[in-house]
Amino acid sequence: MPAKQRKIAMMGYRSVGKSSLIIQFVEGQFVDSYDPTIESTFTKPIRLNSTDYEVKLVDTAGQDEYSIFPAQYSMDFHGYVLVYSITSSKSFQIVQIIYDKLLDIVGKVHVPIVLVGNKTDLHTERKISTEEGKRLAEKWKAAFVETSAKQNESVSDVFDEMLSEIERADGNLQEKTACVVC
Ligand code: GTP
Ligand code: MG
């Protein structure tokens, strides 16, 4: 079977680590310096549950509360990774603004989303608790992962969860909470 093509957008406030997560995942590296993204695309083959995927990751320029949702990210995308930094309350507000705009523009009730709280290595600077992140993801019926791009902590889980969310939206996977005997 040919690899399934999947196109995923990484979105979130500036400097939360969108590029760092992608670079860690695709290239296995972490860069300390900050180089704001304009837009770049990465491709990576992933094998998950005996299925081959070719995943196109679109790394976006950070959004803020004034950004208009970029129209080019509303079509042809299978899923969205919305990233905040656990050290920034502002970035946590921004993912919620992006989410509202995304649903408005995509016009679907359910969009495959993974909510990511990055920079867990900076635990002394934590502003957003794991609980808060989890609660928001539950509200959205999205997957939730806390990561450190720096320490390569749970980074690949983000993309595995994303592919699973997309399969679930396609009806190819059981709901996480589905009861198999009832
Ligand atoms: P824009 O492209 O401007 O939207 O930013 P971005 O979200 O792509 O953030 P980027 O990956 O460029 O990271 C911003 C800064 O945070 C850089 O200095 C990174 O080194 C740092 N950074 C990213 N992830 C982590 C992490 O997990 N831990 C720590 N300590 N620093 C991180
Ligand atoms: Mg970037």
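Quick one: in the stretch 117-152, which of the residues that are outside any helix (DSSP H, G or I) and hydrophobic (A, V, I, L, M, F, W, C) is surrounded by the fewest Cβ atoms within 10 Å (Cβ to Cβ)?
From the stretch 117-152, those outside any helix (DSSP H, G or I) are 117-122, 126-129, 141-152; that's our starting set.
Restricting the remaining residues to those that are hydrophobic (A, V, I, L, M, F, W, C) gives 122, 128, 142-145, 149.
Details: L122: 15, I128: 18, A142: 22, A143: 22, F144: 18, V145: 25, A149: 28.
Across the stretch 117-152, the extreme among qualifying residues is L122.
Among the residues in the stretch 19-33, are any on the phi > 0 side of the Ramachandran plot and either among the charged types (D, E, K, R) or within 16 Å of ligand 1 (Cβ to nearest atom) (or both)? Yes, that holds for at least one residue. The residue that is farthest from K139 (Cα to Cα), counting only those in the stretch 83-98 that are outside any helix (DSSP H, G or I) and either touching an Asp or Glu at 6+ places or on another chain (Cβ under 8 Å) or open to solvent by less than 10 Å² (accessible area, probe 1.4 Å) (or both), is T87.
Regarding Y66, is this residue more than 8 Å from ligand 1 (Cβ to nearest atom), open to solvent by less than 20 Å² (accessible area, probe 1.4 Å) and out of contact with any Ser or Thr (no Cβ under 6 Å at 6 or more places or on another chain)? It is false that Y66 is more than 8 Å from ligand 1 (Cβ to nearest atom), open to solvent by less than 20 Å² (accessible area, probe 1.4 Å) and out of contact with any Ser or Thr (no Cβ under 6 Å at 6 or more places or on another chain).
Exactly one residue out of F25, F42 is assigned to a helix (DSSP H, G or I), among the hydrophobic types (A, V, I, L, M, F, W, C) and within 16 Å of ligand 2 (Cβ to nearest atom): that is F25. A single member of Y80, Y66 is touching a residue at least 12 places away in the same chain (Cβ under 8 Å) and either outside any loop (DSSP other than H, G, I, E, B) or of a type in the set (F, W, Y) (or both), and it is Y80. Checking the stretch 99-116 against the condition returns a match, with at least one residue being in contact with a Gly (Cβ under 9 Å, 6 or more places away or on another chain), assigned to a loop (DSSP other than H, G, I, E, B), buried (at least 18 other Cβ atoms within 10 Å of the Cβ) and not aromatic (F, W, Y). The numbered conditions (1) open to solvent by 10 Å² or more (accessible area, probe 1.4 Å); (2) part of a helix (DSSP H, G or I) are all true for I166 except (1). In this structure, V55 qualifies as open to solvent by less than 60 Å² (accessible area, probe 1.4 Å), away from ligand 1 (no atom under 16 Å from the Cβ) and either closer than 22 Å to H110 by Cα or charged (D, E, K, R) (or both). Can you spot a residue in the stretch 29-39 that is over 23 Å from Q72 (Cα atoms), away from ligand 2 (no atom under 12 Å from the Cβ) and in contact with a Phe, Trp or Tyr (Cβ under 6 Å, 6 or more places away or on another chain)? Among the residues of the stretch 29-39, not one is over 23 Å from Q72 (Cα atoms), away from ligand 2 (no atom under 12 Å from the Cβ) and in contact with a Phe, Trp or Tyr (Cβ under 6 Å, 6 or more places away or on another chain), which makes the answer no. Do we have any residue at all in the stretch 5-15 that's in contact (Cβ under 8 Å) with a residue 60 or more places away in the chain, open to solvent by less than 70 Å² (accessible area, probe 1.4 Å) and more than 17 Å from the chain's Cα centre (by Cα)? There is no residue in the stretch 5-15 that is in contact (Cβ under 8 Å) with a residue 60 or more places away in the chain, open to solvent by less than 70 Å² (accessible area, probe 1.4 Å) and more than 17 Å from the chain's Cα centre (by Cα).
The values are calculated or read from the model by the stated rules, or taken from the named source; none is laboratory data. Note that the structure is a prediction, hence the values are computed from the model and not measured. As a convention, Cβ positions derive from the backbone with ideal geometry for all residues, glycine included, and neighbour counts pool all protein chains shown. For the accessible areas, the whole protein counts, side chains as well, though only heavy atoms, and no ligand, DNA or RNA atoms are used. Shrake-Rupley method; radii C 1.70, N 1.55, O 1.52, S 1.80 Å.
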